[in-house]
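What follows is a single structure, written as structure tokens, with notes after it.
The values are calculated or read from the model by the stated rules, or taken from the named source; none is laboratory data. These numbers were taken from a predicted model, which means no experiment stands behind them. Here the Cβ positions follow ideal geometry from the backbone for every residue, glycine too, while neighbour counts run over all protein chains shown. Accessible surface is based on the protein model in full, side chains and every heavy atom, while ligands, DNA and RNA are left aside. Shrake-Rupley method; radii C 1.70, N 1.55, O 1.52, S 1.80 Å.
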Amino acid sequence: MVNLLKKSLSLILCVMMMLSLCMTCFAEGESFTVDEDLSEEEREMWEEWASEEEPVDMSVQAGSIPLTPEEEALLDEIGIDLDESFHVDEVSLDDLGINEDLPDTVFNILLLGVDNRSTELQRGRTDAIILCSINLKTGDIKLTSFARDTAIPIPGHKTTRINAAYAYGGAELVMKTINEHFQLNVNRYVLVNIHGLAAVIDSLGGIDIEMTSKEAGRINFELRKEPMDDVKREKVPAIDGVQHLDGMQAVTFARIRGIDSDLERTRRQRQLLETLFAKVMQDMSLEKLLTLISTALPYVDTNLTMDELLVLGNAVITGSPAEKLQSGGQLFEQMRIPMDKKYGWKDFGGYALLYMNEKNLKYTIDSLHEFIYGVSYYKEP
């Protein structure tokens, strides 16, 4: 029973990671009819909005992790089947450009949200790229978002937007790209798609999240323009304040970009992640946990081992995040790349991308290391 309890705590962390990953951008949608139930203001706004982005599809392989007999008995009792649900992707760790000078007190995991709309895991562009840094001593969690339109040299390819790395070479290439450019040591990742996140949120009964009237209106617009499921739902009230969202509405909230920028979208991704993590950790029973896991795992690929999840889960659940949750404090510290006033715009192959010159890149690496470790380990190239 002790082993089961420890493993359940570690799996809370795994669920938390899954929740963060599929905040991706919409592909260019089909034309749609503006409904008669819109107000004049909504009609004008919807007609102003229209046209967005681009899909890519390839395949990705998966495996499974066995359960203990005690866990299997419990799953049978409550009617959950996790057989072949936990996808473990085999990736090469031999050539990831790892910075060996970084301390091992922090465990870095790359959270990737892929931009395909299939209920199956498929390769595409990763429009949510979040570095999750967990302090093994304190349990502190720090999240760093990389804007998808950040220009970055991808090893073996030209400089282009960072979200293309996964389509070019899978998780290995994303990790190598970030390691080499920002002098990091990432060798673990978790990947999920849209439907996995939406399903988990629905299994929690939806989520309450604060937003602006324009964000609420954009959720309605996107789901009418490009329906992601067959659900007939009421529109989100287009007002400022806390709104209750179902799974696909919440995913859409985190994918909004058309009303502002890719930089603001990364903020919404982190906002949703923190709100979800707080809800997952509150009143968590083993039955609820296993239900969440059985819902989410079919949509997930990772190269994290169960032993690593155990260590990370214990650090988080017994550390500062649990204390912050009880006190109502902020669960995560957050950072975004590129940083404010530390980037410009530059043309790459006909696309205007966020670009950091040499000076701004050095400042960003110093700041990123200090954010994660408390000190910079930057070395001149």
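Quick look at the numbers
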read-out	value
All strands (runs of 3 or more DSSP E) inside the range 162-281 with 1 or more residues being polar (S, T, N, Q) and open to solvent by 10 Å² or more (accessible area, probe 1.4 Å)	241-245
Pair list, Cβ under 6 Å, 6 or more apart: the range 300-321 residue within 15 Å of residue 111 (Cβ to Cβ) and touching a residue at least 12 places away in the same chain (Cβ under 8 Å), other residue open to solvent by less than 10 Å² (accessible area, probe 1.4 Å) and among the β-branched types (Val, Ile, Thr)	300/192; 302/190; 312/134
Positions within the range 353-381 being in contact (Cβ under 8 Å) with a residue 24 or more places away in the chain, within 17 Å of residue 145 (Cα to Cα) and open to solvent by 70 Å² or more (accessible area, probe 1.4 Å), in sequence order	355, 363
The range 308-365, residues that are under 21 Å from residue 140 (Cβ atoms), among the acidic types (Asp, Glu) and assigned to a strand (DSSP E or B)	333
Pairs where the first residue, in the range 152-165, is within 17 Å of residue 352 (Cβ to Cβ) and the second is hydrophobic (A, V, I, L, M, F, W, C) and surrounded by fewer than 20 Cβ atoms within 10 Å (Cβ to Cβ), C-beta under 7 Å, 6+ apart	159/348; 160/348
